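Comments concern the structure below.
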Amino acid sequence: MGKGVKAAVVGGVFAAMVGGAGYGAYNLVSALNGDGGAPEVKTGPPSAEEVAEASGKFFSAWEKGRAAQAAAYTNFEAPAEKLLTAYGEEAHITGVKITPGAAKGTTVPFSVRATVSYGKASKPLVYKSELKVVRGETSGQALVDWDPSVVHPALKNDGDTLVTGESASPPIVAVDRDDRVLTKEKYPSLGPILDTLRERYGDRAGGTPGIELVVRHTAGDAADTSLVTLTEGKAGRLPTTLSAAVQAAAEKAVQSYDESSVVAVKPSTGEVLAVANNRADGWNAAFEGRVAPGSTMKIVTAAMLIDNGVASMNGPAPCPDTATWQSQTFKNLPGLPANESATLADTFMRSCNTGFIKLVDEEPLTDASLTAEAQERFGLGRDDWKTGITSFDGSVPPSAGPDRAANAIGQGQVQMSPLNMASVTATAKTGAFRQPYLVPPGLDDRELATAKGLQPNTSYQLTQMMRLTATQGTARDVMAGLGGDIGAKTGSAEVDGQAANSWFTGFRNDVAAAAMSEAGGRGSEAAGPIVRAVLAAGG
């Protein structure tokens with residue numbers, strides 16, 4: 001049968017369908033499939049042939065700049081078309097050549113070579129990415145599983161896009177406290193922070209903008225991520241409080257533990273000496289993290305007990321195996337023997353939970369006492385820190401019921417970041433709250449937060465108990481061999497039945513540091529070695 005005849009037959013069936021409504025539609029399907037049933041929809045993972053065909057069609061359309069066509073080979077056409085259109089029109093990327101690698105199952109790695117052009121300037125663009133081919137849920141077709149990172153690995157969130165043009169902010173040369181240059185190449189975890197500093201202070205640092213290809217992020221207030229510089233602007237010089245030596249130690253230390261963050265501050269001034277993260281998501285959890293700090297919170301709790309006359313470092317703070325507060329039973333970490341004759345110093349340096357739980361209902365303590373101590377003495381939880389970049393000030397809300405007891409040991413509703421706990425240690429060490437900051441406040445006339453700080457006797461007792469913890473208690477092995485005036489507090493925080501988050505904070509001379517490692521176990525197991533390395537470099 002010739003094509004014309006076949007078309008006539010199909011056309012005749014279509015006419016019958018229109019005349020006979022639903023009945024005609026059923027006959028059309030039957031006639032086209034020849035089996036009297038609906039077309040078969042494929043299921044299961046795409047075959048190797050389907051993976052090659054789907055990815056090949058997508059790559060070909062992308063190379064030719066056919067955004068709509070390439071998007072049609074994905075499982076989310078609308079966002080794919082929008083980003084692929086921006087790839088050519090807003091990012092000014094042309095001459096795209098894609099070289100696929102060997103597929104691993106349904107995943108296809110590939111490399112991209114292209115050119116970015118703007119005005120008379122152009123630069124090569126070379127990078128690697130990967131895509132995955134999946135089965136369409138309704139169509140059964142093999143389709144590219146859409147994700148912005150397919151187009152470029154720096155596109156991490158829906159709505160992120162690529163733009164080439166005059167920089168939103170002039171470039172900066174960030175320098176440390178000794179005028180040493182800080183770059184994301186030498187200090188990788190500073191990358192997002194340097195981008196933020198450029199966005200916030202580029203205009204104030206005296207530079208002029210250049211032409212760049214950037215990732216424009218939509219999540220929160222994230223700064224643009226620079227990918228290719230076509231023409232250099234004039235960089236302004238931006239001072240920071242960081243110490244290149246301490247930063248280098250922090251960068252190296254977090255690399256040994258996944259999902260880890262650390263901050264070091266100078267207690268006598270509040271200056272941030274180092275901030276480092278080793279996280280898959282690239283987030284600055286060191287400044288912005290909001291998680292339970294575990295037993296490192298006992299520094300604040302001990303201060304509350306001392307300030308309210310409930311306990312003193314040499315006064316009784318029995319450590320039984322269990323303690324019950326309003327129907328909830330609390331236990332100590334496995335392996336910690338009970339000590340009914342323990343003092344507060346004993347209970348603190350061995351990190352006994354039950355000893356603190358038994359004291360939180362003493363007069364004159366209330367549901368808001370820990371909150372008041374945190375806010376008034378340690379400057380926490382008031383949303384008024386101005387560090388120079390985005391940061392979290394900690395949260396210690398008034399809590400009734402079992403959470404009042406849980407808060408006292410750094411669980412419950414308490415949330416902290418390593419920055420917060422480094423500040424807590426600095427306040428304990430000096431007795432004065434000095435708000436941490438990364439950029440000198442004189443650069444933009446910021447007013448730093450203030451708080452009462454600690455009474456001299458309270459500061460003395462906290463410092464002594466931290467010294468005992470570092471030399472005789474749970475932090476002894478971690479801190480062994482460090483010279484100078486040292487103190488520490490370990491912590492671990494249970495999270496939804498998963499492995500505990502590891503916390504550790506400590507001081508050495510005029511450096512205080514705190515670290516957290518997600519699912520890192522006890523404080524001495526992951527966070528402790530990180531803090532030790534930082535204190536060794538800076539103390």
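Things to note:
- Within the stretch 141-175, the set of residues being of a type in the set (Asp, Glu), part of a loop (DSSP other than H, G, I, E, B) and more than 23 Å from the chain's Cα centre (by Cα) comprises ASP145 only.
- When ASN420, ASN407 are screened for being touching a Leu at 6+ places or on another chain (Cβ under 7 Å), of a type outside the set (A, V, I, L, M), under 22 Å from CYS352 (Cβ atoms) and modelled with pLDDT of 95 or more, only ASN407 passes.
- Strands (runs of 3 or more DSSP E) enclosed by the stretch 191-281 - at least 2 residues per element that are within 30 Å of THR164 (Cβ to Cβ) and not charged (D, E, K, R): 211-216, 225-231, 236-239
- Any chance SER169 is in contact with an Asp or Glu (Cβ under 8 Å, 6 or more places away or on another chain) and crowded, with 16+ Cβ neighbours inside 10 Å: yes
- Set side by side, the residues GLY481, GLY473, GLY491 differ, and just one is in a strand (DSSP E or B), in the same structural domain as ALA274 (by TED's automatic domain parsing) and modelled with pLDDT of 95 or more, which is GLY491.
- Residue that is modelled with the lowest pLDDT, among those in the stretch 327-337 that are assigned to a loop (DSSP other than H, G, I, E, B) and surrounded by 10 or more Cβ atoms within 10 Å (Cβ to Cβ): LEU333
- Test: residue in the stretch 38-58 that is modelled with pLDDT under 55, out of contact with any Phe, Trp or Tyr (no Cβ under 7 Å at 6 or more places or on another chain) and outside any helix (DSSP H, G or I): yes
- A count restricted to the stretch 234-286 and to residues that are buried (at least 20 other Cβ atoms within 10 Å of the Cβ) and basic (Lys, Arg) stands at 1.
- Residues of the stretch 338-356 include none that is surrounded by fewer than 21 Cβ atoms within 10 Å (Cβ to Cβ), out of contact with any strand residue (DSSP E or B) (no Cβ under 9 Å at 6 or more places or on another chain) and more than 18 Å from ARG404 (Cβ to Cβ).
- Among the numbered conditions (1) surrounded by 15 or more Cβ atoms within 10 Å (Cβ to Cβ); (2) over 20 Å from the mean Cα position of the chain (by Cα); (3) within 28 Å of VAL262 (Cα to Cα); (4) not charged (D, E, K, R), the only one that GLY191 does not meet is (2).
- Residue pairs meeting the criteria (Cβ under 7 Å; at least 6 apart or on separate chains; first on the phi > 0 side of the Ramachandran plot, in the stretch 439-455; second surrounded by 12 or more Cβ atoms within 10 Å (Cβ to Cβ) and of a type outside the set (Ser, Thr, Tyr)): GLY453/ARG377; GLY453/GLY431; GLY453/ALA432; GLY453/PHE433
The values are calculated or read from the model by the stated rules, or taken from the named source; none is laboratory data. For clarity, every value in this text was computed on a predicted model and none was experimentally measured. Backbone-built Cβ (ideal geometry, glycine too); neighbour counts: all protein chains shown.
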